[in-house]
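The values are calculated or read from the model by the stated rules, or taken from the named source; none is laboratory data. Remember, predicted model here, so these are calculated numbers, not experimental data. Because the Cβ atoms are built from the backbone with ideal geometry, glycine has one as well, and the counts that use them run over all protein chains shown. The protein model used for the area step is the full one, side chains on, heavy atoms only, and it has no ligands, DNA or RNA in it. Shrake-Rupley method; radii C 1.70, N 1.55, O 1.52, S 1.80 Å.
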Amino acid sequence: MSPPHPSRWIRPLASGLAVIDGMGAPRFHIDATRANETVIVTHGHADHARPGHKHVIATPETLAIMEARYGARFAEQVTPLNWHETMRIGDVDIHLVPAGHVLGSAQIVLDSQGSRVVVSGDYKRKPDPTCAAFEPVACDIFITEATFALPVFSHPDPLTEISRILTSLALFPARAHVIGAYSLGKAQRVIALLRQAGYEAPIFIHGALQKLCQLYQDHGIDLGKLEPATSGQKGMPQPALAGQIVIAPPSALSDRWSRRLPDPLIIMASGWMQVKQRAKQSGVEMPLILSDHADWNDLLATIDEVDPKEVWITHGREDALMRALSLKGVTAKALHLIGYEDDAE
Amino acid sequence: MIRFARLLEQLLFTPQRNTKIHHLSEWFQNTPMPDRGWGLAALVGEFQSKKAKPALIRAMASTKIDAELFAISYDFVGDLAETVALIWPEPHLRPNSTPPTLSSIVSALGDANAEETKTLISQWLDISDTTTRWGLLKLTTGGLRVGASARTVRLALAHAYGKPVEHIEEIWPLIQPPYTALFDWLEDKSPRPNADGKAVFRPLMLAHPLNDQDMASITPENWLVEWKWDGARVQLASGQDGVRLFSRSGDDISSGFPELTKPLDWHGTLDGELLAGQPHDIASFQDLQQRLNRKKPSVKLMQTVPVFLRAYDILIDGENDLRQMPIEHRREILQQTLKTLDHPAIDLSAVLPFTDAQQLDEWRQKCRDGGLIEGLMIKARNSVYHQGRVKGQWFKWKRDPLTADVVLLYAQRGHGKRSSFFSDYTFAAWANHGDQPDGEPVLVPVGKAYSGFSDAELKKLDAFVRANTIQRYGPVRELKKTLVVEVAFDAIGLSSRHKSGVAMRFPRFQRIRWDKPAHEADHLDTLMKWIDS
Ligand SMILES: [Zn+2]
Ligand SMILES: [Zn+2]
């Protein structure tokens, strides 16, 4: 007898993706978009990891990130789950494998009633010195993200991209090079890549990045010497940052903060920067194509690799991915989950 | 080509105009002829391959990728050249040659037919990186849209070669790509090309909007006032080489207006407003639009919608360049000239006698009733004809725009600067069905707006669209009917082409009413009241 179709026990609800019992009641959610009983969290980005759940299951790193962001009481109960360690809820075996997105980011592998479902969370395949690399797991249903699922997205080699900053620093030694990067993941990756590229001078970071950079360092990620970019009153940047590298959250790029820097050269590190018109729109002088999500080819290659019977798509540009999969003869469906932002990249 | 593509990228990402000028002038100085001339042609929009039309580029892309995937990608990126540049698959083994130079591109495309054009471009794309592909496609399809206007480019030329920009603008109509005569003069190898006696475009003088401080100084002793006609600003030039009509931006639009471009036995240059109808019976701007849209009007259209020129200035009269003369005196010559010309399709824009600024304000408010007048033009009696906008010389004082609260219905991604954001909006007003005047009102589309919002608002609108799409029709998204926007527009008229029966003139966003419920938006009847009688 063939096993029942997994849609009998896992399906999208208004509150996010849920594993349900025989009566249709949720046993637990994955990255629930509103407060819930039991939630497995793939990674620490705010749209995936929300505060207020009763019981949160996640990697120890993700739990640490949630605690750093939301305080120690972000959930009534927490269960850390190490890589490849199995736990059971009802008749579902759960284990986590790395997703390569940010520190602690996990894919959730679910085995139940003779089928295996893998929920990718956000993921990427390009090298990242700040987190464990994506591990492909063969499965029956692969539930994937689709943030950059358009054939126009082919993200270049990260080290080549980052070295453009060093070239620019040599060219404009008097300008403060201020890089906009999201505070969790991207900022630390930019710093680690700069170190890999041989940049050894202190890197100046905006106050909003302090806590998470410290957290990464506490988890053994070497970020070299970091110094606060902010000093004096009102959190304004130091005047002595000419010719230095400054990292700030993207929101600080357009406000007074960055304009106070000496002749700032505005750089933005994001996968969206691949579209020149879009980069132009955001007022960036030097777009740096650096993504924490899989690009088009990596999405398709990953699906080939895990070779599922069906692909479900959580969020992003699902229409293009649906089309490409239908051309390959792969069954796919869009879950249209609401509440995950694709700008926060 | 690689360096030119890098230049385009620098221009795109440089916010400051001075830095753009710096990049451009550096490129001019370091690029040999004729590449320099062809690059200049592309930058000012005067080079385009005849065969490399968007349809052909799209056809090329369709050999490399599924048509639906291409359509979705193009919808997202919003720019054809960039979409193809990004999507173009890298060949497994990149041919061992470098991308072509600008002049070799121009000469290769020169007389290539469509098939050959495809093959050539395709080979070039195979040996280029993404940015070079992007530059190459922008170059061949024309319309670079990298945020450097023709004016900025000419300023850069002036900067690079130390010549006054006015001298460059003046001879522009006389030179063609690759502009050998221009560069020979710029490099002091030959004298400046000469425009005397020829029917060429002369740069226009423009007006500033009048603000409250300026208002007090407006007195009849020092200022001339005339109506600001709601037509299209044009320049009529007559010379030994014929009569030409130029648009505001200097485009030759002669072929569309035969009634104005018959040979004259007078040489000179007039500045004025192109209007539809007859001097004693002016038709609406919508009528004029029909003529502006037609490169070659039919005899029938010329009969139903005639046009005429209402002249308000004279720049050149025979051999005399009058531009250094005060407008007061130019107007006297203009009046005399028009009398002698006695042309059925040219008349004079009258000067309005007035007592004080208070009176002008009343006139300005009232001119809404006529519909054919946009407001007032106020010119210093002693103003000489400068090019561009000069402080304190000419003012325009427009009537206030009309506004209406409307509901957003459909959204589409924009192009160019706005690309990849939802920036084109169709909006609606409430109306009752004709057959059920007492029934529930429904929303009927009344116009489209593309501008008036800030970049920050654009982002919010874009997020609104993505979260509130209820239906997709190709690139068009139908929206949940919840968001009210206050739109401003210059006029509204009856139109048989629109389902609602009305058409707005230049509608744009004034304010987004995030707070206002959709049922409080305006009713079509309210809009109808403003229709020009
Ligand atoms: Zn994420
Ligand atoms: Zn996400």
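Using square roots of five times the C-alpha gyration tensor eigenvalues, list the equivalent-ellipsoid semi-axes of chain A in whole Å, biggest first.
On the way: eigenvalues 278, 100, 52 Å².
Output for chain A: semi-axes of 37, 22, 16 Å.
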Per residue, how big is the convex hull of region A:158-288 when only Cα atoms are used? Give it in Å³. 99 Å³
With Kirkwood's inverse mean 1/r over C-alpha pairs for Rh, give me the Rg to Rh ratio of region A:26-121, two decimals please. 0.94
Please give the total accessible area that chains A and B bury against each other, computed with a 1.4 Å probe and expressed in Å² to the nearest 100. 2700 Å²
Assuming a viscosity of 1.306 mPa s and a temperature of 10 °C, what translational diffusion coefficient in µm² per second does Stokes-Einstein assign to region A:98-209, Rh being the Kirkwood radius over Cα pairs? 97 µm²/s
Result: in chain A the number of Lys pairs with C-alpha under 18 Å apart, spaced 8 or more or on different chains, is 7
Dimensionless Rg/Rh of region B:164-284 - Kirkwood Rh, Rg from C-alpha atoms: 1.06
Using alpha carbons only, how many degrees (0 to 90, rounded to 10) separate the axis of helix A:158-171 from the longest principal axis of chain A? 10 degrees
Taking the Cα centroid of region B:260-300 and of region A:106-121, what is the distance between the two, rounded to the nearest whole Å? 72 Å
Residues of region A:321-338 losing 20 Å² or more of accessible surface, assembly versus chain alone, probe 1.4 Å, please list them. A:Arg323, A:Leu327
Per residue and in cubic angstrom, what volume does the convex hull of the Cα atoms of region B:2-141 have? 110 Å³
Give me Rg/Rg_expected for chain B, where Rg uses Cα atoms only and Rg_expected = 2.2 N^0.38 Å with N residues. 1.09
With a 1.4 Å probe and every protein chain left in place, tell me how much accessible area B:Lys163 has, in Å² to the nearest 10. 40 Å²
Sorted on mean Cβ neighbours within 10 Å (highest first), peptides B:82-93, B:33-44, A:149-160 come out as B:33-44, A:149-160, B:82-93
Considering Cα pairs under 8 angstrom that are at least six residues apart, work out the relative contact order of region B:402-528 and quote it in whole percent. 31 percent
On the Cα set of region B:402-528, report Rg and Dmax in Å, please. 14.1, 45
In this model, which of B:Lys366/B:Lys529; B:Lys300/B:Lys366; B:Lys459/B:Lys481; B:Lys459/B:Lys516; B:Lys53/B:Lys262 are farther than 24 Å apart at the alpha-carbon? B:Lys300/B:Lys366; B:Lys53/B:Lys262
How high is the relative contact order of region B:2-141, in percent, counting Cα pairs under 8 Å that sit 6 or more residues apart? 38 percent
Percent antiparallel among DSSP beta bridges (both partners in the protein assembly as shown, rounded to 5): 65 percent
Within the accessible area of region B:402-528, what % is carbon and sulfur when the probe is 1.4 Å and the other protein chains stay in place? 51 percent
Unit Cα scatterers, Debye sum, the protein assembly as shown: log10 I(q)/I(0) for q = 0.07 Å⁻¹: -0.71
Around B:Gly256, with a cut-off of 13 angstrom between Cβ atoms, what is the net charge of the other residues, counting Lys and Arg +1 and Asp and Glu -1? +2
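Kirkwood hydrodynamic radius of region B:78-183 from all distinct Cα pairs, in Å?
Hydrodynamic radius (Kirkwood, Cα pairs) of region B:78-183 is 16.0 Å.
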